[in-house]
Amino acid sequence: VVGGETGGGQGDDAIDVDYNPFAGLQTDDVIIMNSPLEIGGRGVSERGGTSEGDLSDGISHIDYVNVIQLVCIVSGYASLCSLLALGFMMMLSKSLLHATLIFSIGISLAWTVLGWAFSPGYILPITGVVALALSSSYTFVVWDRIPFAATNLSVALKGMRSTLDIPIVGLCVLTITFLWTIWWICAFVGTFNFLHDDEELSNDWMSVVVVFFFFSYYWTFQVIKGISQTMVASIIGKWWDMSEEDALPLCSSVLYGSVSRTIVRSFGSICLGSLIVGPCILLTRISIFFRLAKPKLNKLTNSPKRLSGVEPESEKYDPDCLPIITSCAPQNDGVISRNVNQWSFTYIGLYGYTFWESGSRASQLFEARGWTHVVSDDLIMTVMFMCSMIIGCTTACLGLIVEEMDGFSFTSLNKPISTAFLICLFLGFFLSCAFLSIIEGSVSAILVCYAAAPVDFHANHHKLSEEMKSAWKHFWLQKPTVNNSSR
């Protein structure tokens, strides 16, 4: 009884502090949940209070009910931000890339300043400094390529605007990601609590279980993104062959056909690709960044020699000086780079090939056109990643506000502020990434279709075709500079 007093006539109606309204959700073999007093009675509070016990044993239990409540509260905010971001992109498609890059620099700067001012530790300001350095250097490197990438993004968004089937795919993907996250949290927390009570299980095996749980979340999330991009590519391919006067109705046969082909015939290829595409694309993007940054650094450090008309020795091609990581770059002829790339899911959605064959055929198409360096630009994908990070950070801030108002306790470590921040950052980032994957799929499909059937695009969408031609012509006039920089 709270306070040790029952009050007059309240003996039978007093609420026991150990009462758990969610007890019906528990099972003896899956979920073991501490009472509120037990969870709150261990560790040292982040708010400055002290409690019994110590932190020598680490996290012993996780309160899954509070975690799920917090997830349900902030997921609505993350979903709304993702929808607003899509609307904002469609309204300002041409200036979106400039605005996002500058805004990311401002957010990183504000994060750094606020971290130094209010954070008791050094984690927040250090992460802010790292984010500021990365965003500033990346903006400097890709700034002159923004008009070309903005045109490709604008055409992709106009293609998405022509039918509501693609936003519907995005909403379905967002819902599935949310349900998978809830399911994963219940399984992870229940398993963690159950195994922690097993005295025969060593900490090493516990670490293995945790690693496998996070791997399962990552792979499933990548499969969801792969399904999204494959379905979007199928819809864009149909729109490519339709005239501007025609319009795809809501929930058209194209949508149902893309669902059936993706889930029934291509699901195995998507699962395989989802496992290996992410790391390969990451290595490729790092390689492309160094390739684009090298001529700009040389231009800054060797500007006097440039004025005299003498080519610096440092700009001459030396294959031994290239990083080993460029072995996965799209300009090389390695087996991995030719068969595993960002257009694999696009070819699966457009033509129904297997995953390995899709990547190979996409590479052959761009090589035949001489567009390998052009389409390997990752600016749009990086901007989508920055948008997801911004949504994740704002969701984390909302999680801190919710935690302060409701006083949630999540783990036996009794550090609700850090826990709420990490949970909401994780949730906001992955939900927005899942939803914005429809934009990545649309851009990739536009590039593949433009390389495969430019005449059909000119006949069916004349204005957009002229817009693409103008941007590509301007970029192609600078092709000697691009080729020199790639050397």
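Summary table below
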read-out: Residue list for region 450-462, filter: within 32 Å of the chain's Cα centre (by Cα) and part of a helix (DSSP H, G or I); value: TYR450, ALA451, ALA452, PRO454, PHE457
read-out: Pair list, Cβ < 6 Å and 6+ apart or interchain, from region 172-191 residues that are closer than 18 Å to LEU80 by Cβ to residues that are small (Gly, Ala, Ser) and surrounded by 16 or more Cβ atoms within 10 Å (Cβ to Cβ); value: VAL173/SER228; VAL173/ALA434; LEU174/SER79; LEU174/ALA434; THR177/ALA434; PHE178/SER75
read-out: Residue within region 167-183 that is over 22 Å from the mean Cα position of the chain (by Cα), surrounded by 18 or more Cβ atoms within 10 Å (Cβ to Cβ), among the hydrophobic types (A, V, I, L, M, F, W, C) and farther than 27 Å from LYS473 by Cα present; value: no
read-out: Subset of region 340-359 (residues that are surrounded by fewer than 19 Cβ atoms within 10 Å (Cβ to Cβ) and on the phi < 0 side of the Ramachandran plot); value: TYR351, TYR353, THR354, TRP356, GLU357
read-out: Some residue of region 163-181 being within 19 Å of MET91 (Cα to Cα) and in contact with a Gly (Cβ under 9 Å, 6 or more places away or on another chain); value: yes
read-out: Residue check, TRP116 modelled with pLDDT under 85, open to solvent by 40 Å² or more (accessible area, probe 1.4 Å) and in contact with a Pro (Cβ under 7 Å, 6 or more places away or on another chain); value: yes
read-out: Meets criteria (over 22 Å from ALA452 (Cα atoms) and basic (Lys, Arg)) for LYS238; value: no
read-out: Any chance TYR122 is open to solvent by 10 Å² or more (accessible area, probe 1.4 Å), touching a residue at least 12 places away in the same chain (Cβ under 8 Å) and on the phi < 0 side of the Ramachandran plot; value: no
read-out: Test for SER442: is it farther than 30 Å from THR127 by Cα, assigned to a helix (DSSP H, G or I) and modelled with pLDDT of 90 or more; value: yes
read-out: Search result, residues across region 145-160 that are closer than 13 Å to SER442 by Cα and among the basic types (Lys, Arg); value: LYS158
read-out: Neighbours by Cβ (under 6 Å, 6+ apart or cross-chain): first from region 247-270, open to solvent by 20 Å² or more (accessible area, probe 1.4 Å); second among the polar types (S, T, N, Q) and modelled with pLDDT of 80 or more; value: LEU248/THR163; SER269/THR354
read-out: Condition met for SER104 (in contact with a helix residue (DSSP H, G or I) (Cβ under 8 Å, 6 or more places away or on another chain), modelled with pLDDT of 85 or more and polar (S, T, N, Q)); value: yes
read-out: Residues (within 13 Å of THR346 (Cα to Cα) and of a type outside the set (A, V, I, L, M)) located in region 275-284; value: none
read-out: Test: residue in region 154-165 that is assigned to a loop (DSSP other than H, G, I, E, B) and buried (at least 20 other Cβ atoms within 10 Å of the Cβ); value: yes
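The values are calculated or read from the model by the stated rules, or taken from the named source; none is laboratory data. Keep in mind that what you see is a predicted model, and the values were worked out from it rather than measured. Cβ sites come from the backbone with ideal geometry, for glycine too, and all protein chains shown count toward neighbours. Calculation scope for accessible area: heavy atoms of the full protein, side chains included, ligands and nucleic acids excluded. Shrake-Rupley method; radii C 1.70, N 1.55, O 1.52, S 1.80 Å.
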